[in-house]
1. Let me test this: with uniform point scatterers at the alpha carbons of the protein assembly as shown, what is the Debye-based log₁₀ I(q)/I(0) at q = 0.05, 0.10, 0.14 1/Å?
2. I'd like the Karplus ³J(HN,Hα) series for the stretch A:4-11: coefficients 6.51, -1.76, 1.60, θ = phi - 60°, whole numbers in Hz, and an x wherever there's a Gly or Pro.
3. Rounded, prolate or oblate: which fits chain B when a ≥ b ≥ c are the square roots of the eigenvalues of the alpha-carbon gyration tensor, with rounded for a/c under 1.5 and prolate only if a/b beats b/c?
4. Modelled label-to-label distance, A:Ala147 and A:Glu248, 7 Å Cα→beta-carbon offset: nm?
5. Return the long-range amide H neighbours of B:Thr39 (sequence gap of 5 or more, or a different chain), with a cut-off of under 5 Å between placed amide H atoms.
6. Provide the three semi-axes, in whole Å and in decreasing order, of the ellipsoid equivalent to the stretch A:1-84 as defined by the square roots of 5 times the Cα gyration tensor eigenvalues.
7. Rounded to the nearest 10 degrees, what's the angle between the helix B:107-120 long axis and the longest principal axis of chain B, both from Cα atoms, 0 to 90?
8. How far is the Cα center of the stretch A:226-244 from the Cα center of the stretch A:36-58, in Å?
Amino acid sequence: MKPPPFSYHDPQTVSEAVRLLGSLDNAKLLAGGQSLMPMLNFRFVLPDHVIDLNRVEGLSYIRESGDTLEIGAMTRQRDLEFSGTVRARWPIMHEALLQVGHRQTRNRGTIGGSLCHLDPAAELVTLATAYDATVTVVGPNGQREIAFADFPAAYMAPSIELNELVTAVRFPRWSPNHSYAFIEFSRRHGDFAITSAAVLLEAEGAGKITRASVTLGGVGTAPTRAREVEQAIVGEVASPELFRAACESCRKLEALDDVHAPASYRQHLAAVLSRRALEKAHARLAEPAGARVH
Amino acid sequence: MGEKRKIALTVNGRRYEDEVEVRVTLADFVRGQLGLTGTHLGCEHGVCGACTILFDGMSARSCLMLAVQADGHELLTVEGIAPSPDELHPLQQAFHEHHGLQCGYCTPGILTTLIEFLRDNPDPTEKEVRIALSGNLCRCTGYQNIVTATLAAAQKLKDSPEPKWPQGAQLQGAAPSP
């Protein structure tokens, strides 16, 4: 349980990091270390070079501009958890973060690291899917943007080149009256979810649903938008029957089958958790917008 | 031998300068090179919490950090919690009084975790204590006395005119703007 030998680099700027990434073979980027370090300790990865991003300047910030929240890739989960901006206008992120690991891991773990590790059960990955977030990537040829729907290339593999690194992610804002819920099922507090559900909801009063985002984490090889559920409820008046009927379609989602749970159990959880998250979000619509920040 | 680097850091208020192989984890450095073996290693992959230390006043799994990353930073390990060699911190005293140690293996990580927790939540509920402890595995499987000790320590710290936190328990650096 010791990391294998490697060369260590701790660049101070993004351009220096990009240059190292482009010139070194078999290099790994080290962000918060909450995924890479266990993999190094187990020797699941054997990099020749580790490029530590912790001393790179300008990658840790939370910036609200207009209708967008821009988060620097090296921003710690802790900083997002304690951000008043996040809690007031992206409250689902606060709710989700409290279910990310533990205080000890959130103090170190970063949003960029979480998105690039791309565990399909990770809360922040699920939220980026729910919000159609936009990822900013920098490489030797400059900067480009990736819509989060296109970000997962395969299971736990982001669609970025070996010489590129993620510098920021942007989350659009929903209306000030929107409601939300993030719930997950895991065996122990702080574990990765077997399945999670993220719901964003806008409605006329507490009645007709005008906009919905329903996302399931931990089910497929990447978090999945439950489009069938969204289509079935938008334009309808919310009711327990509506949610129950709509969420049944989640039983058809393609699901992982592994040591933690068989596919059929994940599909069952997808149907149950999406319904519960919709009910929770809908109940919150009845509260004044300010009180929805829990 | 692999690539090495010189690092300088403060641990429990004392400054150390040393040379370390870049692949060495902070936990192994603290134990093997600084001789502070109070920090325990359980799983070595970030699950059990036994190796928890405070890094710039924030709890972290020292098995998930490299020693080179601690260059220029301040650490608190379990050895730094007691105010003097013959005096216990109120948190340690409460663990002693309420039999919160049991076999003692997970205790260093639990104490460092709780120093941060009680600093930030001086008046916790039992549920909050249990959530705070959820990242620390006790395989004696008895959290009851640990929780009782924590709540007793919170009360004692609340009643003391100026709760004393060890050197290295202060939060360093500000979080990025709201």
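Rule-based calculations on the coordinates, nothing more; no lab input. In this text the structure is predicted, and so the values were computed from the model without any measurement. Note: ideal-geometry Cβ built from the backbone for every residue, glycine included; neighbour counts use all protein chains shown.
1. At q = 0.05, 0.10, 0.14 Å⁻¹ the computed log10 ratios are -0.19, -0.78, -1.38.
2. Those phi angles translate into x, x, 7, 8, 10, 10, 10, x Hz.
3. Prolate, since a/c reaches 1.5 and a/b exceeds b/c.
4. According to this spin-label approximation, the distance is 3.2 nm.
5. Those qualifying (amide H under 5 Å, at least 5 residues apart or on another chain) are B:Val78.
6. Details: eigenvalues 151, 55, 15 Å².
They are 28, 17, 9 Å, listed largest first.
7. Approximately 70 degrees, to the nearest ten.
8. Answer, in whole Å: 44.
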